[in-house]
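> Below is a structure I'd like to ask you about.
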Amino acid sequence: MSAPAAAPQAGPRRDTGRVRFGHVLSSEWTKIATVRSTFWTLLAGAVVLIGLSALWALAFTASYDQMSDRDRATFTPMLPTQVAYYFGMVVFGALGVLVITAEHGTGMIKTALTAVPRRAHYLAAKTAVLGAVVLVVGIVVTFASFYAAQGILASKHLDGSIGDPGMLRAVAGGGLYLALVAVLALAIGTLLRHTAGSIVVLFVVLFVLGIAGGFLPSSWGDAVNKFLPSNAGGAILDPVHKSGSLAPWTGLGVFAIYTAVVLAAALVLFERRDA
């Protein structure tokens, strides 16, 4: 009788089916780069920020001679861009909402989570890609907004230079602020899973709370008001630290904490409930 054939030696097993985080990042980049709404939303945000910065610069130059001494003292070359930011934030925030709610609306979220069972990896990759895209675009757009405004302010010799104290930090920090707004919007969209409702909540967080804070009793309202999300985050846009507001980096840090808390809550719910 012939001897039984020797069993094949077991070599190292290779887990070819495992989805690595790098794969998820690549997938999310492909999705955000190829969806038309991404391009149009980013373009709309750029147009709003640059266009309104120029329009507000025109308004300030036209009315500067009629301004009171107090208003002139508080004017900075960054002011037109700061005002435009209140409108631009909504557009970039809408992108953050759409990145997640569009998948819920079409049902693609189920397919995505079948391919990427580890939901923490899925949400982390989506957050990282969205934050990186908005950060790069936000910095470019903020610089463009700044220079568009300065070209108009120069007619009244009100323009400034990027080398002025606090100016580079304010302009570059604007990109960081937009990235955090987009990530906060993503977290809200993950919590609510509804586009319109998420945008309304984002609007309340960024604008209504700040307006409501102005009606708080001055005895303790001033202390609370500066910690409200938009007031804290917006401090980074001011080249000069104003009394009654948080220091620029401190304010952005407070806004980042708000974003992290909402994102953590979104992850907990995302892990627990059905897609």
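Where a number appears in this text, it was derived from the coordinates with a stated rule and is not lab data. All figures in this text were calculated on a predicted structure; none of them were measured in a lab. Neighbour counts are summed over all protein chains in view; Cβ atoms, including those assigned to glycine, are modelled from backbone coordinates with ideal geometry.
> Working out 0.36 nm times the residue gap between Val19 and Leu209, then minus their Cα-Cα distance, what length gain in nm do you get to one decimal?
Extra length from Val19 to Leu209 when fully extended: 64.3 nm.
> If I histogram all Cα-Cα distances within the range 47-110 using bins 5 Å wide from 0, what percent of pairs lands in each bin?
4, 16, 18, 15, 11, 9, 8, 6, 5, 4, 3, 1
> Among Arg272, Arg169, what is the fewest-to-most ranking by other Cβ atoms within 10 Å?
The most exposed by this proxy come first: Arg272, Arg169.
> Could you please rank Phe87, Phe215, placing first whichever residue has the fewest other Cβ atoms within 10 Å of its Cβ?
Arranged by neighbour count, lowest to highest, Phe87, Phe215 become Phe215, Phe87.
> Would you work out the relative contact order for the chain, in percent, from Cα pairs under 8 angstrom that are 6 or more residues apart? Let's see the in-between values first.
On the way: 358 pairs, mean separation 59.8, N = 275.
Once divided by the residue count of the chain, the mean separation gives 22 percent.
> Work out the FRET efficiency for Arg72 and Val261 from their Cβ-Cβ distance, taking R0 = 30 Å, and round it to the nearest 0.05.
The value I calculate is 0.15.
> Which distance in nm do the two modelled labels at Leu113 and Ala247 give, with both placed 7 Å along the Cα-to-Cβ direction?
It works out to 4.3 nm between the two label points.
> With +1 on the Cβ of every Lys and Arg and -1 on the Cβ of every Asp and Glu, and nothing else charged, how large is the dipole of the chain about its Cα centre, in debye rounded to the nearest 20? It would help to have the intermediate numbers written out before the result.
Numbers: 19 positive and 12 negative charges, 226 e Å.
Dipole about the Cα centre, nearest 20: 1080 debye.
> How far apart, in nanometres, would the label points at Ser37 and Tyr147 be if each is projected 7 angstrom from Cα along the Cα-to-Cβ direction?
Those two pseudo-labels are separated by 3.3 nm.
> Another question, if that's okay. With n ≥ 4 as the cut-off for DSSP H runs, can you work out [θ] at 222 nm for the chain, using -39500 (n - 2.57) per run divided by the number of residues, rounded to the nearest 500?
Working: 12 runs with 198 residues, N = 275.
Per the formula, -24000 deg cm²/dmol.
> Could you tell me which of Ala170, Pro229, Thr190 has its Cα farthest along the dipole of the chain towards the positive end, charges placed at Cβ (Lys, Arg +1; Asp, Glu -1), taken about the Cα centre?
Highest projection toward the positive end goes to Thr190.
> Among Pro248, Pro77, Pro165, determine the one that fluctuates most according to a GNM of the chain built with springs between C-alpha atoms less than 10 Å apart.
Pro165
> Which whole-number percentage describes the relative contact order of the range 47-91, with Cα contacts under 8 Å and a sequence gap of 6 or more?
66 percent
> Let me ask something else. Relative contact order of the range 111-222: what whole-number percent is it, with Cα pairs under 8 angstrom and at least 6 residues apart? Walk me through the numbers on the way to the answer.
Working: 64 pairs, mean separation 28.1, N = 112.
Over the range 111-222, the number comes to 25 percent.
> May I have the count of lysine pairs in the chain with C-alpha atoms under 30 Å apart, counting pairs 8 or more residues apart or located on different chains? List each step's numbers first, then the result.
Working: Lys31/Lys110; Lys31/Lys126; Lys110/Lys126; Lys156/Lys242; Lys226/Lys242.
For the chain, the number of qualifying lysine pairs is 5.
> If packing is taken as the average number of other Cβ atoms within 10 Å across a peptide's residues, how do 193-201, 52-60 rank, most packed first? Don't skip to the end; give the middle numbers.
Details: 193-201: 17.2, 52-60: 20.4.
Listed from highest to lowest mean packing, they are 52-60, 193-201.
> At a 10 Å Cβ-Cβ cut-off, how would you order Glu103, Glu28, fewest neighbours first? Mind showing how you got there, number by number?
Working: Glu103 20, Glu28 23.
Going from least to most buried by this count: Glu103, Glu28.
> Among Leu180, Leu216, Leu153, whose mean-square fluctuation peaks in a Gaussian network model of the chain (Cα, cutoff 10 Å)?
With Cα springs under 10 Å in the chain, the top fluctuation among Leu180, Leu216, Leu153 is at Leu216.
> Kindly identify the range 115-244 as rounded, prolate or oblate by the Cα gyration tensor criterion: order the square roots of the eigenvalues as a ≥ b ≥ c, call it rounded if a/c is under 1.5, otherwise compare a/b with b/c, prolate if a/b is larger, else oblate.
Cα axes put the range 115-244 in the oblate bin.
> I would also like to ask the following. In the chain, which whole DSSP H runs stretch at least 15 Å along their own axis (Cα) and average -1.0 or higher on the Kyte-Doolittle scale?
Working: long enough: 21-34 (20 Å, 0.16); 36-63 (40 Å, 1.45); 79-106 (41 Å, 1.13); 119-153 (49 Å, 1.50); 167-192 (37 Å, 2.00); 248-272 (37 Å, 1.48).
Counting only whole DSSP H runs, the qualifying helices are 21-34, 36-63, 79-106, 119-153, 167-192, 248-272.
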